[in-house]
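Remarks on the structure that follows.
The values are calculated or read from the model by the stated rules, or taken from the named source; none is laboratory data. All values reported here derive from a predicted model rather than from experimental measurement. All Cβ positions, even for glycine, are placed from backbone atoms using ideal geometry, and neighbour counts span all protein chains on display.
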């Protein structure tokens with residue numbers, strides 16, 4: 001009798017999802033799926049609103065990465081106004097984007113993934129969380145919270161609030177920066193850099209402990225997509241799209257983000273509200289690609305801060321002949337390299353005298369009826385596209401969220417892990433946690449398409465082919 | 001007045017869900033010396049801020065309670081299992097204690113009855129009335145330097161689970 005194992009909800013991710021694992025009569029895994037079972041419909045209810053409101057509205061999409069939506073929306077607004085924003089405004093927007101990376105990446109590593117790494121996949125699920133981490137290493141946990149706070153402090157200092165600041169607008173930003181605020185943030189830098197380095201050192205030290213697990217964590221070739229600077233450097237705010245294959249070959253480069261819809265299509269499945277973007281020239285599902293830290297660190301030619309560049313070279317050396325690191329477990333490593341980069345780059349921006357220039361906004365009327373904004377959110381490339389009438393009223397909205405772009409790869413990762421660990425007769429909490437951890441590599445932010453409502457216990461159900469409940473486990 | 005921190009949280013784009021934030025803002029206007037924070041959800045770094053206060057009041061909207069409900073938070077630290085980015089008031093209190101070996105001596109959760117948390121900024125009249133009652137009650141409690149437990153209103157008081 002065939003069976004289905006359901007993991008619902010998936011824990012320590014942002015948003016609501018479940019995993020189903022389908023077994024045949026012999027208990028062998030035949031398929032596994034990552035379902036996103038909430039729907040929000042932001043694209044639809046933005047229609048009819050004024051373009052000027054979009055930065056403030058779309059930042060409400062998510063309580064974790066609101067700043068990424070804020071910046072990307074403001075950039076779409078710049079495009080509709082057809083203005084070049086003042087150089088200082090771009091630097092301030094870059095700074096707040098880095099702050100978003102810092103707080104999000106710190107949360108992902110210290111709060112959501114470290115319990116697995118430092119306590120073990122098979123440790124007691126009752127303590128495999130931030131409290132268990134505190135019990136094991138209080139100072140490590142404190143540092144993680146402080147690092148995340150640093151990111152939040154930048155956002156609050158610039159935007160006057162930590163979440164959903166309306167600070168960035170089409171044409172620039174609302175307020176210039178101040179010397180006292182700059183100095184306050186600069187004082188955080190040494191501690192933040194030290195913590196980012198500690199995180200890297202800790203993660204690398206546990207790689208060996210998980211040497212038997214790591215090869216099963218979404219270890220497959222796929223395309224990698226992200227923005228790079230004109231000179232090939234790691235980019236987070238602007239630039240052009242680069243596409244690399246799993247062998248490390250750049251198959252498309254210097255793609256204008258305005259042509260993203262020519263490059264990427266979106267497939268749908270009736271079992272998930274999350275779409276399945278793919279690279280059009282290869283079709284669906286062969287055009288599967290990954291975005292986010294693993295992709296960005298793979299595709300860039302270099303990182304323009306010294307400590308992060310040093311780590312990038314170590315990271316790339318792991319790729320061997322493939323010249324691209326294909327194992328999704330190393331999302332964590334790439335994420336921490338980016339965390340270090342974000343701290344270093346934030347310091348450089350804070351030390352740039354031009355960041356204090358009071359001219360931070362360009363003003364114009366509606367000059368185009370369509371605009372596209374793009375930036376690198378913590379989890380990957382984020383696109384906002386708006387169509388407006390001559391008064392700036394939204395006629396249509398299209399948002400391509402980073403997490404969705406990893407959907408095909410997340411499903412492939414779940415399938416690979418299920419096939420490796422489940423034989424139908426031995427389903428333990430540790431095995432289920434490993435499968436969830438496969439999803440956590442991508443640090444999906446399902447709030448971008450769902451409304452997070454806090455944490456829930458893990459619930460696993462075994463169904464036969466007729467959907468009769470055979471067994472269940474609750475954490 | 002004993003220094004206290006009031007934290008109003010919720011989503012102001014989800015109708016009555018923003019009740020905690022609105023109540024906190026009204027308290028800030030009424031008691032200028034009061035420390036007031038507003039936020040969508042309770043984030044882990046809030047634990048560090050909590051440790052600097054002796055009293056804390058959390059204001060949240062609730063679809064569960066039909067009446068304004070006051071609960072004391074505290075007692076033995078609980079062993080909760082936070083799994084996402086947003087924590088409950090009790091979890092934040094526990095996190096504060098676990099990290100810093102101290103936390104506010106007194107903490108209270110005030111749940112404001114919500115009726116419609118659909119998309120939009122409009123609030124129901126019933127929730128607006130409850131916000132007014134909440135602000136009156138919390139202002140009275142905070143201006144009274146007695147223990148929270150001695151000054152709580154008599155309507156539904158269930159220790160928070």
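At-a-glance table
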| quantity | calculated |
| --- | --- |
| Qualifying residue in region B:4-14 (condition: under 18 Å from residue B:134 (Cβ atoms), surrounded by fewer than 23 Cβ atoms within 10 Å (Cβ to Cβ), under 14 Å from the mean Cα position of the chain (by Cα) and modelled with pLDDT of 95 or more) | yes |
| Selection from region B:17-34 of residues that are more than 15 Å from the chain's Cα centre (by Cα) and touching a residue at least 60 places away in the same chain (Cβ under 8 Å) | B:30, B:31 |
| Any hit, region A:154-162, residues being touching a residue at least 60 places away in the same chain (Cβ under 8 Å), in the same structural domain as residue A:74 (by TED's automatic domain parsing) and surrounded by fewer than 17 Cβ atoms within 10 Å (Cβ to Cβ) | no |
| Test: residue in region A:237-247 that is more than 26 Å from residue A:100 (Cβ to Cβ) and surrounded by fewer than 16 Cβ atoms within 10 Å (Cβ to Cβ) | yes |
| Residue in region A:309-317 that is modelled with pLDDT of 95 or more and touching a strand residue (DSSP E or B) at 6+ places or on another chain (Cβ under 8 Å) present | yes |
| Sole residue being at pLDDT below 90 and over 21 Å from residue A:205 (Cβ atoms), chosen from A:126, A:82, A:99 | A:126 |
| Identity of the residue in region B:110-155, closer than 17 Å to residue B:73 by Cα and more than 14 Å from the chain's Cα centre (by Cα), that ends up surrounded by the fewest Cβ atoms within 10 Å (Cβ to Cβ) | B:154 |
| Residue among A:6, A:11 that is within 14 Å of chain B (Cβ to nearest Cβ) and either modelled with pLDDT under 75 or part of a helix (DSSP H, G or I) (or both) | A:11 |
| Given (1) in a helix (DSSP H, G or I); (2) at pLDDT 90 or above, index of the condition residue A:419 fails | (2) |
| Residue selected from region A:390-416 under the condition closer than 30 Å to residue A:236 by Cα and part of a loop (DSSP other than H, G, I, E, B), by the criterion modelled with the lowest pLDDT | A:401 |
| Which numbered condition residue B:37 misses (of (1) surrounded by fewer than 20 Cβ atoms within 10 Å (Cβ to Cβ); (2) away from chain A (no Cβ under 12 Å); (3) in contact with a helix residue (DSSP H, G or I) (Cβ under 9 Å, 6 or more places away or on another chain)) | (2) |
| Whichever residue in region A:48-66 is assigned to a loop (DSSP other than H, G, I, E, B) and modelled with pLDDT of 80 or more and, among such residues, is farthest from residue A:173 (Cα to Cα) | A:48 |
